[in-house]
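What follows is one structure encoded as structure tokens, with my remarks underneath.
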Amino acid sequence: MSESIRVAVVDDQGVIRAGLRMIIDHESDLTVVGEAADGASALTMVAEVRPDVVLMDIRMPVLDGIEATRRLVDAGAAGAHLPAVLILTTFDDEEYVLGAIRVGASGFLLKDAGPDVLVAAVRTVHAGNSLVDPVVTNTLIAHCLELERTRPAVAPPNIPSSHWAQRLASLSEREKQILGGMARGLSNTDLAAHLVVSETTVKTHVSSVLSKLGLRNRVQAVVVAYETGVVTPGAAAWDTGL
């Protein structure tokens with residue numbers, strides 16, 4: 001029997017932590033190994049119990065979920081244990097979602113998602129995949145980008161646009177199609193069916209896209225695709241050439 005997936009729960013509301021623990025511990029292959037009520041405590045807890053997956057709330061006292069995720073990813077880059085981080089959010093948190101993705105979260109999940117969706121999400125990010133729901137994720141990301149476009153910039157972008165232009169130019173036509181499909185929330189199975197190739201081939205292309213763009217996961221690729229105009233909110237699913 002394989003080892004259980006070790007999960008940590010980070011939320012400032014005790015009732016939510018208790019509910020998440022109940023759902024997780026009900027599964028034979030999942031187990032909660034730690035809890036924290038704020039981002040600062042989460043950093044200490046993660047270093048101590050080394051979970052595989054962290055369910056991270058965004059709005060918390062002391063240190064919010066975005067900054068906590070940033071610090072976990074930075075520590076991981078320096079050699080520390082790096083779990084997959086699954087952000088827990090509500091539609092009221094739309095403006096924070098992009099920040100969470102940019103700092104390296106593996107995905108995000110609505111707090112009112114059903115138990116089956118939650119456990120599937122944990123298994124998905126633990127397997128090294130990012131969580132990109134075809135409907136919820138793209139709707140949320142598109143809305144976040146619209147919010148950003150209509151608000152004054154509070155800081156210059158971290159990476160100049162010329163950087164993205166150069167990296168996008170390095171993609172093959174097929175890789176650009178794959179990126180566009182990912183941005184629409186299409187699964188590897190969907191992409192393989194439309195392109196009439198194997199899923200293994202699609203996975204190879206996805207890995208190449210992420211490598212060439214210098215991205216950590218599929219969710220970050222979705223954001224880049226929207227920000228650079230590879231796809232635009234509201235456009236048809238196959239406007240990118242697929």
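The values are calculated or read from the model by the stated rules, or taken from the named source; none is laboratory data. Bear in mind that the values here come from a model prediction, so they are computed numbers and not experimental data. Every residue, glycine as well, gets a Cβ built from its backbone with ideal geometry; the counts of neighbours run over all protein chains shown.
Exactly one condition in (1) over 17 Å from Ile101 (Cβ atoms); (2) buried (at least 19 other Cβ atoms within 10 Å of the Cβ); (3) under 20 Å from the mean Cα position of the chain (by Cα); (4) at pLDDT 90 or above is not met by Gln177; state its number.
Result: Gln177 passes all but (3).
I need the full set of residues from segment 44-69 which are in a helix (DSSP H, G or I) and surrounded by 19 or more Cβ atoms within 10 Å (Cβ to Cβ), in order please.
The first filter runs over segment 44-69 and keeps only residues in a helix (DSSP H, G or I), leaving 44-49, 65-69.
Within segment 44-69, Met45, Val46, Gly65, Ile66, Ala68, Thr69 meet the criteria.
Mind checking whether some residue in segment 72-93 is crowded, with 19+ Cβ neighbours inside 10 Å and either aromatic (Phe, Trp, Tyr) or in contact (Cβ under 8 Å) with a residue 60 or more places away in the chain (or both)?
Taking segment 72-93 and keeping what is crowded, with 19+ Cβ neighbours inside 10 Å, we get 72, 83-89, 93.
Filter once more, so that each one left must be either aromatic (Phe, Trp, Tyr) or in contact (Cβ under 8 Å) with a residue 60 or more places away in the chain (or both): 83, 88.
Looking through segment 72-93, at least one residue is crowded, with 19+ Cβ neighbours inside 10 Å and either aromatic (Phe, Trp, Tyr) or in contact (Cβ under 8 Å) with a residue 60 or more places away in the chain (or both).
Can you find, within segment 1-43, the residue that is farthest from Leu110 (Cα to Cα) among those that are part of a helix (DSSP H, G or I) and among the basic types (Lys, Arg)?
Initial filter on segment 1-43 (part of a helix (DSSP H, G or I)): 14-25, 39-43.
Narrowing further to those that are among the basic types (Lys, Arg): 17, 21.
Values: Arg17: 14, Arg21: 16 Å.
The residue in question is Arg21.
Listed residues Val209, Val224; which is under 16 Å from Leu171 (Cβ atoms), in contact with an Asp or Glu (Cβ under 6 Å, 6 or more places away or on another chain) and among the aliphatic types (A, V, I, L, M)?
Details: Val224 fails: in contact with an Asp or Glu (Cβ under 6 Å, 6 or more places away or on another chain).
Criteria check complete, one pass: Val209.
Go through segment 166-185 residue by residue and tally those that are without any contact (Cβ under 8 Å) to a residue 60 or more places away in the chain and either basic (Lys, Arg) or in a helix (DSSP H, G or I) (or both). If you could, list the steps in order and put the result at the bottom.
Looking only at segment 166-185, we keep the residues that are without any contact (Cβ under 8 Å) to a residue 60 or more places away in the chain, and these are 166-167, 169-172, 174-175, 178, 182-185.
Restricting the remaining residues to those that are either basic (Lys, Arg) or in a helix (DSSP H, G or I) (or both) gives 166-167, 169, 174-175, 178, 182-184.
Residues flagged as without any contact (Cβ under 8 Å) to a residue 60 or more places away in the chain and either basic (Lys, Arg) or in a helix (DSSP H, G or I) (or both) within segment 166-185 amount to 9.
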